[in-house]
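K.L.:
Okay, here's the structure, questions in a sec.
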Amino acid sequence: EEPVHIGNLPALITQARQRIPVRLVMIDYLGLIGANGRDAYERASTIGKTLKDVAKSADVSIVVAMQLSRAGGDGSIPVTLDMLRDSGVIEEAMDFVIGCWRPGRNTSVDAAEQMALQDVMRCQLLKNRKGQENRIVDLTFRPDSRKLVEQATFQ
């Protein structure tokens, strides 16, 4: 709930493990992680490398939300690795990168298609250190259960 310095992350995981088993750490979002460095690139480098080290040493998976650059527009077009803000070293450290966008917000498609895609979040595997990339999956938001459910798979 509060910004965390990257150096404090291992202690926070240890502290959480005193109450519950921890196998997954979710960070919402990368810009709230503090790190030392002379400039944004050096801070991003420190964060990327440290997240990888913490995941390995603490035996946890870490999921990090990242902000897109202005190239991401309004979030209605497919996400590319180039759109990830301050992404160079962070992208290099990650095993998987998933880009998500809302195709129903795209004003260049007709109204019927916008309506059909209204509750859809499209996700694409942009990087997969362990195998195939570029798989696209449509997820539909279900308000009753508040879950995202796979709708269809595209190749």
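K.L.:
Given the protein chains as shown and a 1.4 Å probe, how many square angstrom of residue 141 are accessible, to the nearest 10?
P.N.:
80 Å²
K.L.:
In square angstrom, rounded to the nearest 10, how much accessible surface does residue 100 have for a 1.4 Å probe?
P.N.:
60 Å²
K.L.:
Once ligands and nucleic acids are excluded and a 1.4 Å probe is used, how much of residue 121 is accessible, expressed in Å² to the nearest 10?
P.N.:
50 Å²
K.L.:
Continuing with the same structure: Based on the mean of other Cβ atoms within 10 Å per residue, sort peptides 7-20, 69-82 so the most packed one is first.
P.N.:
Ranking, from highest mean packing down: 69-82, 7-20.
K.L.:
Given R₀ = 35 Å, FRET efficiency for residue 19-residue 125 by Cβ-Cβ distance, to 0.05?
P.N.:
The computed FRET efficiency comes out at 0.60.
K.L.:
Also, I was wondering about something else. Find the accessible area per residue for the chain; the probe is 1.4 Å, ligands and nucleic acids are left out, and the unit is Å².
P.N.:
Heavy-atom SASA per residue in the chain reads 67 Å².
K.L.:
Using alpha carbons only, how many degrees (0 to 90, rounded to 10) separate the axis of helix 40-58 from the longest principal axis of the chain?
P.N.:
Approximately 80 degrees, to the nearest ten.
K.L.:
Also, quick follow-up: With the full set of protein chains in place, find how many percent of the accessible area of the chain is carbon and sulfur; take the probe as 1.4 Å.
P.N.:
Roughly 51 percent of what the probe reaches on the chain is carbon or sulfur.
K.L.:
Testing the spin-label approximation: label points 7 Å from Cα along Cα→Cβ at residue 135 and residue 92. State their distance in nm.
P.N.:
With each label placed 7 Å out from Cα toward Cβ, I get 2.8 nm.
K.L.:
Nearest 500 deg cm²/dmol is fine: what mean residue ellipticity at 222 nm does the chain get from its DSSP H runs of n ≥ 4 alone, each adding -39,500 (n - 2.57), divided by its residue count?
P.N.:
That calculation yields -7500 deg cm²/dmol at 222 nm.
K.L.:
Follow-up. When the chain is modelled as a GNM with alpha-carbon springs shorter than 10 Å, which of 22, 97, 89 fluctuates the most?
P.N.:
Ranking 22, 97, 89 by mean-square fluctuation puts 22 first.
K.L.:
Another question about this same structure. Which residue, chosen from 20, 132, 103, occupies the Cα position most advanced towards the positive end of the dipole of the chain, where the dipole is computed from +1 (Lys, Arg) and -1 (Asp, Glu) charges on Cβ about the Cα centre?
P.N.:
It is 20.
K.L.:
Percent antiparallel among DSSP beta bridges with both residues in region 21-155, to the nearest 5?
P.N.:
DSSP beta bridges in region 21-155 are roughly 85 percent antiparallel.
The values are calculated or read from the model by the stated rules, or taken from the named source; none is laboratory data. Just so it is clear, the structure is predicted and the values come from calculations on it, not from any experiment. Cβ sites come from the backbone with ideal geometry, for glycine too, and all protein chains shown count toward neighbours. For the accessible areas, the whole protein counts, side chains as well, though only heavy atoms, and no ligand, DNA or RNA atoms are used. Shrake-Rupley method; radii C 1.70, N 1.55, O 1.52, S 1.80 Å.
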